[in-house]
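Below is one structure, written out as structure tokens; the observations come after it.
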Amino acid sequence: MDAFPLDRPARLAVFASGRGTNLASLLRTFPQGDALGSVVLVVSDREDAPALARARSAGVEALHIPWPRGGRAAFEAQAQAALEARGIDLVCLAGFMRILSPVFVEAWAGRILNIHPSLLPDFPGLHAQRQALEAGAREAGCSVHFVDAGVDSGPVVLQRRVPVFPGDTEETLAARILYEEHRAYPDAVRLVLEGWAFPPPDAGFVRERYGPEAAAIYAALEGRTPEGAPRKVQYLRVARFLERVGYPDRVLAAWKGTGGPVERAAWAWETLKLEAYRPGAAAVRQELEALKAELPPAVRTLLERV
Ligand code: GRF
């Protein structure tokens, strides 16, 4: 929980095996010189990955690290050395088609994210969109989650949902989800870097920080927030807010719902903070800017009036 925020811009690495459209949205949102963080390294296991070309054309270091047959240990040793040498703070897997070992992932616990095209915990693993169609799901979406030792099993930071339409194919559904992915990933990274999203620590951490009564409440928390994060994270966000504004002694009252205006303000803040991440306004604005050059004049004119 304490990995972020940093008191300086974060250095991000993106691992991608393929076309790299999620990488592109991260490059747009976290360019060189950004106050919150910049993508400074792109790693691929495939030398010909379009993701590497995208990195180069954005002026970002592109590193091919081969994954020979049975060669996970060699890949990970090289990757770890590269990350350390460049002082990387956060690793973002974006269409990285390899499974990293528990040892690697645990070394980066709380500092490694992945994006997956389903509403986890539903449909982990390959062909998530096909799995959703075959299961007759009415709704699909994407999840940005912390990576743990399992496959697509770590705690969710954010999800975005899309409808499934009659007649959808794997391709049409994947495209609808991908559009949301390009918003969800930058939003989730921002939340993590600002210290508002983290894997929920165990109750021992809460006991030490906020006392035994708070730890008992925390241990009993179940379920998820509207964005798909564990409910425990929501409570810790409220606690962290109270700490940051100088009222660490109000955490228990806020959690019990017995406080006054300060405690109520902390909950209101949490709701609004997360709401602000749902539309992903900043990322949408950047996308529009990037699209403008390709748009017909009539569309551009109308857009300029918004
Ligand atoms: C995305 O659908 C992502 O959710 C999944 O792999 C795909 C990568 O697409 N993990 P891209 O390379 O970012 O375009």
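The values are calculated or read from the model by the stated rules, or taken from the named source; none is laboratory data. Not measured: the values here are computed from a predicted model. Heads up, the Cβs are rebuilt from the backbone with ideal geometry, glycines too, and the neighbour counts pull from every protein chain shown. Note: areas computed on protein heavy atoms with side chains; ligands, DNA, RNA excluded. Shrake-Rupley method; radii C 1.70, N 1.55, O 1.52, S 1.80 Å.
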Exercise for review: Select from 303, 221, 252 the residue farthest towards the positive end of the dipole of the chain; place +1 on Cβ of Lys and Arg, -1 on Cβ of Asp and Glu, and compute about the Cα centre.
Suggested key: 303
Exercise for review: Please give the length that would be gained between residue 268 and residue 179 if that part of the chain were fully extended, namely 0.36 nm times their separation in residues minus their C-alpha to C-alpha distance (nm, one decimal).
Suggested key: 29.1 nm
Point to revise | Amide proton proximity set for residue 158, modelled H, under 5 Å, gap of 5+ | key: 144
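Calculate, for residue 219 and residue 161, the FRET efficiency according to 1/(1 + (r/R0)^6) with r their C-beta to C-beta distance and R0 30 Å; round to the nearest 0.05. Don't jump to the answer; show the numbers that get you there.
Working: r = 29 Å, r/R0 = 0.98.
My answer for the efficiency is 0.55.
Would you mind telling me the share, in percent, of accessible area of segment 1-66 contributed by carbon and sulfur at probe 1.4 angstrom? Write down the numbers at each step before the final one.
Working: 1380 of 2800 Å².
Answer for segment 1-66 is 49 percent, counting heavy atoms of protein chains only.
Accessible area per residue of the chain at 1.4 Å probe, in Å²? Don't skip to the answer; put the middle values down first.
Working: 14510 Å² over 306 residues.
That works out to 47 Å² per residue.
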Practice item. With springs only between Cα atoms under 10 Å apart, run a GNM on the chain and tell me which of 68, 261, 212 wobbles the most. Key: 261
Practice item. List the lysines whose Cα lies under 27 Å from the Cα of residue 232, skipping any in the same chain that are fewer than 8 positions away. Key: 256, 273
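So how strong a dipole does segment 57-115 carry about its Cα centre when Lys and Arg Cβ are +1 and Asp and Glu Cβ are -1, to the nearest 20 debye?
Numbers: 5 positive and 5 negative charges, 44 e Å.
Here the size comes out at about 200 debye.
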Practice item. Amide H neighbours of residue 15 under 5 Å, at least 5 residues apart or on other chains, H built in the peptide plane: list them. Key: 43, 92, 93, 94
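In percent, what relative contact order does segment 10-193 have, based on Cα pairs under 8 Å that are 6 or more apart in sequence? Walk me through the intermediate numbers first.
Details: 355 pairs, mean separation 36.7, N = 184.
RCO, segment 10-193: 20 percent.
If you stretched the chain out fully between residue 97 and residue 78, how much longer would it get, using 0.36 nm times the residue separation minus the C-alpha to C-alpha distance? Walk me through the intermediate numbers first.
Values: separation 19, 0.36 × 19 = 6.84 nm, distance 1.72 nm.
The residue 97-residue 78 span can extend by a further 5.1 nm.
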Review point. Dipole of the chain, Cα-centred, from +1 at each Lys and Arg C-beta and -1 at each Asp and Glu C-beta, to the nearest 20 debye?
Key: 460 debye
Check your understanding: Comparing 239, 77, 283, which has the greatest mean-square fluctuation in the GNM of the chain with Cα pairs linked when under 10 Å apart?
Key -> 77
Practice item. Put one equal scatterer on each alpha carbon of the chain, apply the Debye formula with no solvent term, and list log10 I(q)/I(0) at q = 0.07, 0.09 1/Å to two decimals. Key: -0.29, -0.49
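Ignoring any ligand, DNA or RNA, what whole percent of the accessible area of segment 203-303 comes from carbon and sulfur when the probe is 1.4 angstrom?
On the way: 3250 of 5520 Å².
Its accessible area is 59 percent carbon and sulfur atoms.
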Study note, to complete from the structure: What the 10 Å binned alpha carbon P(r) of segment 51-202 shows, as percent of pairs per bin from 0, is 10, 36, 36, 16, 2
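Ratio of segment 203-303's C-alpha Rg to 2.2 N^0.38 Å, to two decimals? Can you show the working numbers first?
Working: Rg = 19.6 Å, N = 101, 2.2 N^0.38 = 12.7 Å.
Against the compact-globule rule of thumb, the ratio is 1.54.
At a Förster radius of 22 Å, what calculated FRET efficiency corresponds to the Cβ-Cβ distance of residue 304 and residue 284, to the nearest 0.05? Show your work: numbers first, answer last.
On the way: r = 15 Å, r/R0 = 0.70.
The value I calculate is 0.90.
Would you work out the charge dipole size for segment 152-306 about its Cα centre, treating the Cβ of every Lys and Arg as +1 and the Cβ of every Asp and Glu as -1, and quote it to the nearest 20 debye? Kindly include the intermediate steps, with their values, before the conclusion.
Values: 22 positive and 22 negative charges, 110 e Å.
The dipole magnitude comes to about 540 debye.
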